[in-house]
1. For region 174-202, which residues satisfy the criterion of being modelled with pLDDT of 90 or more, under 16 Å from ILE86 (Cβ atoms) and either polar (S, T, N, Q) or outside the structural domain of ARG89 (by TED's automatic domain parsing) (or both)?
2. Select, from GLY198, GLY231, GLY239, GLY221, the only residue that is surrounded by 20 or more Cβ atoms within 10 Å (Cβ to Cβ) and small (Gly, Ala, Ser).
3. Residue check: is SER300 modelled with pLDDT of 75 or more, touching a Lys or Arg at 6+ places or on another chain (Cβ under 8 Å) and in a strand (DSSP E or B)?
4. Could you pull out the residue among ARG153, ARG140, ARG128 that is over 26 Å from the mean Cα position of the chain (by Cα), under 20 Å from ILE65 (Cα atoms) and surrounded by fewer than 18 Cβ atoms within 10 Å (Cβ to Cβ)?
5. Just to confirm my filter: which strands (runs of 3 or more DSSP E) fall fully inside region 128-233 and include at least 3 residues that are farther than 23 Å from PRO54 by Cα, free of Cβ contacts under 8 Å to residues at least 40 places away in the same chain and aliphatic (A, V, I, L, M)?
6. Pick from region 70-90 the residues that are part of a helix (DSSP H, G or I) and of a type in the set (A, V, I, L, M): which of them is surrounded by the fewest Cβ atoms within 10 Å (Cβ to Cβ)?
Amino acid sequence: MILSYLILVVSVALVTAYLSFRNNHRLANMLVMRSARETGLRIQDRITAFFEKPELINNYNAELIEGKLIDPRAQNTLMQYFQKQIKARPTVNSIYFANPEGGLANSGIDKATDRPYVIFTEGFRSGRFLKYALDDSNNRAELLHQIPHFDARNRPWYIRATQSEGIVWSEIYPIATGNNLSITASRAVRDDAQQLIGVLGVDIFLSDISLFLQSLDLEPGAKTIVLDSEGYLVASSGGNKLYAENAETNTKTRIKATDSESSFIRAIAMELNGLDPDPSRPEDVIQFTSKIDDSAFFVSVLPFKAIPSQNWLIVTAIPEASYMTIVEKSNRTTKYLIVLAACLPQLLRHFWEAESRVRY
């Protein structure tokens, strides 16, 4: 009887253990995939906030100029006003105005040093381009950069704004006066007769998106990157380089994820080949598991239309090891229960034998 009971208990315990182990893994997979998707949605919300500010600033400044509350010919006044706006909006890197003579008035802040600067052309017309750092009193201090001849009318953001109505966004491009990638929102300003007064612009540096990704409270070993529709890097939680420099030609070119210095990013890019997520359907999250650098990762890909001209992918990869502790803890509990169940018949036999001796 005891042997039969033992066989029955062990059989039930083994089946229970198998089902428990399988369900624990399934639960861990569900948890990690949900975490990856929620992280992607958080990033999407933050990037959306990044892109809302430039449009609001351009529209507000256009109203001031069109309403003659700011003189578009007063270069220094424009730079001083833009500097105040920059300080009140930390997600924006520079604000500027270009006139039909090719002149520029620009105020910005270097996020790496938290130091403000101004950029302008002499005489507020096309010509020498100067970038100065500002001191604590907002006076011009160190000359940071200069270009012998600059004409704002030749810049893509100026041309596109004059050919369009409302806000237009540029493609991502390396900036000439620093180590960064930028994207510009611009808008033409016109008088009552629809004559061009100038073009307003607001820059966002992509390094700020990378800094946000690095500040996220992710699981240990988790990583997230943002790619555009052509596979170029937009941002990375690992602080990876987004562009390459050619010292001979003094030019910068964007880096594709497949050419990244990071083996992790290269592996993710290869996994994404052949996938075709639809940015107009952000609910269509693509999820899969992948082995990268000898570690298993749960990967979530969230398509995201950042702005009208940009289709991006937010990729979040969470190591399987982050959630295996949950599985292992549950499995240990199951093992203890199996051992207890297996020992139960022996304990009962001793109990019955002891009870029999007492009775007889």
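The values are calculated or read from the model by the stated rules, or taken from the named source; none is laboratory data. Note that the structure is a prediction, hence the values are computed from the model and not measured. Counting neighbours? That spans all protein chains shown, and the Cβs are built from the backbone with ideal geometry, glycine included.
1. If the condition is that a residue be modelled with pLDDT of 90 or more, under 16 Å from ILE86 (Cβ atoms) and either polar (S, T, N, Q) or outside the structural domain of ARG89 (by TED's automatic domain parsing) (or both), then THR184 is the only one that fits.
2. Only one candidate qualifies: GLY198.
3. yes
4. The unique qualifying residue is ARG153.
5. 140-150
6. ALA88
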